[in-house]
Amino acid sequence: MLRNIIEQVKIDQFNEWLNKYESFVIIGHIGPDGDAVGSSLGLWHVLTALGKKVQVIMPNAFPDFLNWMPGSEHILFYSETPEEVEKCIDAADIICLLDFNVLSRIGDMSSLVEKSSALKVMIDHHLHPGDHCDITMSYSKAVATSELVFRLIVQMNLLDKLSKAGAECLYTGMMTDTGGFTYNSNQIEIYTIIGLLLEKGIDKDLIYRRVNNTYSEDRLRLMGHVLTTMKVYPENTALLTLTDEEQDKFNFVKGDSEGFVNIPLSIKNVIFSCLLKEDGELNLIKVSLRSVGTFPCNELAAEFFNGGGHLNASGGEFYGTMEEAIERFEEAVKKYKPLLLA
Ligand code: 5GP
Ligand code: MN
C-alpha cells in the first residue's frame, strides 16, 4: 500500500477544518495546466461529496483540451468575472491553494487571498514553498499535485468518497505532469495510485486520447513550422522559437504550443530543450525549458530568465526582442556547456 507522506499533524488539522467549516474555495495557478485543473477538480469532487460548499477558481482560462473534465463547467475565472470571484473569496472559510508555491503565481488574485481572513492550505509539489498558508503540504518528490490530493484523500480515509469523475481529474493531472508517464515517473507508488484510480472505473486510454488527440489542423502545421526552424547546438541542446507573427500566420489559439518544448528531446543526444514564445499581450517572451537526466534547467531558468521550476521542467520570462532572448539563451548554453557535455 501507499506510505503516508503527508505528516499526520497536517492531516489532523485539515480534518478539524473539515468538521468545523462549510465554505471552501480552491485556487490553481495562472495558465492552468492539466495538473492545476485536475488536482483542483479532484479535491472539489470529494469536498462536494462531503456536502461542502465548494468553488474552484482559476486566474484565467485553461486550454480547450481540458474542457471535458467533469466539473470544469463550474469553474470561475478571475479574468472573466472578477467581482464574483472576489465575493467567493470573501465568503470562504477555507482557501485551498493548489499546484503553486508562491502567491505571485496567481497574479492579481494574490492580494485578494492575502487580505482574506480564511484559513489557507497549500497542496503543491514545486520547490521552495512560500510561507503564506496555515497548513503547507508541499512535497517536491510528488509527480503532480493531483498525486498529493489523492494521498490526502487516502490519508483522511475518504477514498470511498472519490467518484469516477474525481478519479478522472486526478489521473489527468498525474498524466499531464509526467508527459503520459514518460518523464519524472519512476516512483513506484504512482502505479499503485493508478491502480486505485482504475478501480474507480476510469478509462485511462480514453483520457489520453481526450487530452492529446484533439488538436486542430493549424496546430499541427504550426508544429511542423516550428520544427523546421529549430536550431540544434553541438552542446546537446535544441532551441524552438515562436514569434507573434508566426502565431498569427497559423491562427494560434491558447494551448497550441503545449508540448512543443518536449519534442526536441526525442533527438538522439539532445538532453536540453528550450521554447521561446513571444507573448504580445503581456509584452514578454515566455521561456519553457525541459531536460532529461540530471541537467538542472531550473538553475539555468533562475540564473538567466528570472524563473525556476523543477530539475527537468522549468520556465521563466524575458523582456526584450526575440533576437535578444536567443542571445541570452546562447549565453546560458555557453555557461552550462560543461554540464551539457558531461
Ligand atoms: P511550462 O514550460 O510548462 O510553462 O512550465 C514548466 C514548469 O516550470 C512549471 O510547472 C513551473 O514549475 C515552472 N515555471 C514556468 N514558468 C515559470 C516562471 O516564470 N517562474 C517560475 N519560478 N517557474 C516557472
Ligand atoms: Mn503540477
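Scanning segment 168-201 for residues that are in a helix (DSSP H, G or I), open to solvent by 30 Å² or more (accessible area, probe 1.4 Å) and touching a Ser or Thr at 6+ places or on another chain (Cβ under 8 Å) yields one hit, ASP177. Filtering segment 25-50 to residues that are touching a Ser or Thr at 6+ places or on another chain (Cβ under 8 Å), open to solvent by 10 Å² or more (accessible area, probe 1.4 Å) and more than 16 Å from ligand 1 (Cβ to nearest atom) leaves HIS45, ALA49.
Among all residues of segment 88-98, there is at least one that is farther than 20 Å from ASP12 by Cβ, away from ligand 1 (no atom under 15 Å from the Cβ) and either open to solvent by 50 Å² or more (accessible area, probe 1.4 Å) or in contact with a Gly (Cβ under 8 Å, 6 or more places away or on another chain) (or both). Of the residues contained in segment 196-216, none is found to be in contact (Cβ under 8 Å) with a residue 12 or more places away in the chain and touching a His at 6+ places or on another chain (Cβ under 9 Å). When we screen VAL149, VAL102 for residues that are within 27 Å of GLY255 (Cα to Cα), within 16 Å of ligand 2 (Cβ to nearest atom) and open to solvent by less than 10 Å² (accessible area, probe 1.4 Å), the only hit is VAL149.
To keep it simple, each residue is scored yes or no on (1) closer than 21 Å to ILE190 by Cα; (2) in the same structural domain as GLU281 (by TED's automatic domain parsing); (3) surrounded by 18 or more Cβ atoms within 10 Å (Cβ to Cβ); (4) among the small types (Gly, Ala, Ser).
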{"residue": "HIS74", "(1), (2), (3), (4)": "no, no, no, no"}
{"residue": "GLU80", "(1), (2), (3), (4)": "no, no, no, no"}
{"residue": "LYS115", "(1), (2), (3), (4)": "no, no, no, no"}
{"residue": "VAL121", "(1), (2), (3), (4)": "no, no, yes, no"}
{"residue": "ASP124", "(1), (2), (3), (4)": "yes, no, yes, no"}
{"residue": "ASP134", "(1), (2), (3), (4)": "no, no, no, no"}
{"residue": "SER140", "(1), (2), (3), (4)": "yes, no, no, yes"}
{"residue": "GLY166", "(1), (2), (3), (4)": "yes, no, yes, yes"}
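Restricting segment 256-270 to residues that are within 11 Å of ligand 1 (Cβ to nearest atom) and either in a loop (DSSP other than H, G, I, E, B) or over 21 Å from ALA332 (Cβ atoms) (or both) leaves a set whose member that is least open to solvent (accessible area, probe 1.4 Å) is SER257. Cβ-Cβ contacts under 7 Å between residues 6 or more apart (or on different chains), taken from a first residue in segment 124-151 that is outside any loop (DSSP other than H, G, I, E, B) to a second residue that is among the charged types (D, E, K, R), are listed as ASP124/ASP99; ILE135/LYS10; MET137/LYS10; SER138/ASP124; THR145/ASP35; THR145/ASP99; THR145/ASP124; SER146/ASP35. LEU2 passes every criterion in (1) assigned by TED's automatic domain parsing to the domain that holds ASP134; (2) more than 16 Å from ligand 2 (Cβ to nearest atom) apart from (1).
Within segment 322-333, residues that are closer than 20 Å to GLY280 by Cα sit with their Cβ atoms under 8 Å from residues that are assigned to a helix (DSSP H, G or I) and open to solvent by less than 10 Å² (accessible area, probe 1.4 Å), at 6+ positions apart or across chains, in these pairs: ARG328/PHE305. For segment 198-255, which residues satisfy the criterion of being under 25 Å from VAL270 (Cβ atoms) and touching a strand residue (DSSP E or B) at 6+ places or on another chain (Cβ under 6 Å)? Within segment 198-255, VAL226, MET230, LYS231, VAL232, THR237, ALA238, LEU239, LEU240, THR241, LEU242, THR243 meet the criteria.
Considering each of ALA302, ALA342 in turn, give the residue that is within 12 Å of ligand 1 (Cβ to nearest atom) and open to solvent by 30 Å² or more (accessible area, probe 1.4 Å).
Working: ALA342 fails: within 12 Å of ligand 1 (Cβ to nearest atom).
Exactly one of ALA302, ALA342 is within 12 Å of ligand 1 (Cβ to nearest atom) and open to solvent by 30 Å² or more (accessible area, probe 1.4 Å), namely ALA302.
Among the candidates ASN236, ASN251, single out the residue that is open to solvent by less than 50 Å² (accessible area, probe 1.4 Å) and farther than 25 Å from GLU168 by Cα. I'd like the intermediate steps shown before the answer.
Numbers: ASN251 fails: open to solvent by less than 50 Å² (accessible area, probe 1.4 Å).
On inspection, the qualifying residue turns out to be ASN236.
Within segment 313-331, the residues that satisfy the criterion of being crowded, with 21+ Cβ neighbours inside 10 Å and within 21 Å of LEU265 (Cβ to Cβ) are SER314, GLY315, GLY316, ALA325, PHE329. Of the residues contained in segment 81-94, one or more are found to be over 30 Å from TYR215 (Cα atoms) and of a type in the set (Gly, Ala, Ser).
Do the conditions hold for SER110, that is, is it within 18 Å of HIS45 (Cα to Cα), small (Gly, Ala, Ser) and within 16 Å of ligand 1 (Cβ to nearest atom)?
Details: within 18 Å of HIS45 (Cα to Cα): no; small (Gly, Ala, Ser): yes; within 16 Å of ligand 1 (Cβ to nearest atom): yes.
Here the answer is no, as SER110 does not meet what is asked.
The values are calculated or read from the model by the stated rules, or taken from the named source; none is laboratory data. Model, not experiment: these values are computed from the prediction. Note that each Cβ is placed from the backbone with ideal geometry, even for glycine, and that neighbours are counted across all protein chains shown. For accessibility, only protein heavy atoms count, side chains too; no ligands or nucleic acids. Shrake-Rupley method; radii C 1.70, N 1.55, O 1.52, S 1.80 Å.
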